[in-house]
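A.B. asks: Mind having a look at this structure? Questions to follow.
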Amino acid sequence: RKTPQVTSHGEEQAKRWLKEGLHAAGMVPKELPQLKGSDPRKLALAELLWSRTTVSQEWIAEKLSMRSAANVSQQLRRMKKRKAETQLPPELKRFLKNARQGE
């Protein structure tokens, strides 16, 4: 269940991972609007946030400049097919691995 406490904690975690993930990817928030929604770095962060926190796809779309929740959903489905993670910078790969393991 998404109680206010769970939602708040999930959003805090998502914000923390977003900040750390952007740093690991060598990106800054102001450059996100210029990047395509299919950018592998955006998709890797979107997948982490969607699968490991309680934030909505709408929240992810807004924070990663991915147009809409529907676009996030579509891009995540496509990502799974092509395994975009192979194109990521090594530091971002390490960050994602650690985040998924609960560090």
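The values are calculated or read from the model by the stated rules, or taken from the named source; none is laboratory data. None of the values given here were measured: they were computed from a predicted structure. Cβ coordinates were reconstructed from backbone atoms using ideal geometry, including for glycine residues, and neighbour counts include every protein chain displayed. Quick note on the areas: whole protein, heavy atoms, side chains included, nothing else; ligands and nucleic acids left out. Shrake-Rupley method; radii C 1.70, N 1.55, O 1.52, S 1.80 Å.
A.B. asks: Looking only at residues that are open to solvent by less than 70 Å² (accessible area, probe 1.4 Å) and charged (D, E, K, R) in the range 64-102, which one is modelled with the highest pLDDT?
C.D. replies: Top of the filtered list is Arg100.
A.B. asks: Among the residues of the range 83-92, are any of a type in the set (Lys, Arg) and either touching a residue at least 60 places away in the same chain (Cβ under 8 Å) or not in a loop (DSSP other than H, G, I, E, B) (or both)?
C.D. replies: We begin by selecting, within the range 83-92, every residue of a type in the set (Lys, Arg); these are 83.
Subsequent filtering for residues that are either touching a residue at least 60 places away in the same chain (Cβ under 8 Å) or not in a loop (DSSP other than H, G, I, E, B) (or both) retains none.
No, the range 83-92 contains no residue that is of a type in the set (Lys, Arg) and either touching a residue at least 60 places away in the same chain (Cβ under 8 Å) or not in a loop (DSSP other than H, G, I, E, B) (or both).
A.B. asks: Could we say that Ala46 is hydrophobic (A, V, I, L, M, F, W, C) and open to solvent by 40 Å² or more (accessible area, probe 1.4 Å) here? Don't jump to the end; show me each part of the working.
C.D. replies: Values: hydrophobic (A, V, I, L, M, F, W, C): yes; open to solvent by 40 Å² or more (accessible area, probe 1.4 Å): no.
No; evaluated as a whole, the condition is false for this residue.
A.B. asks: Moving to a separate point now. So, Ala44, is that one part of a helix (DSSP H, G or I) and modelled with pLDDT of 95 or more or not?
C.D. replies: no
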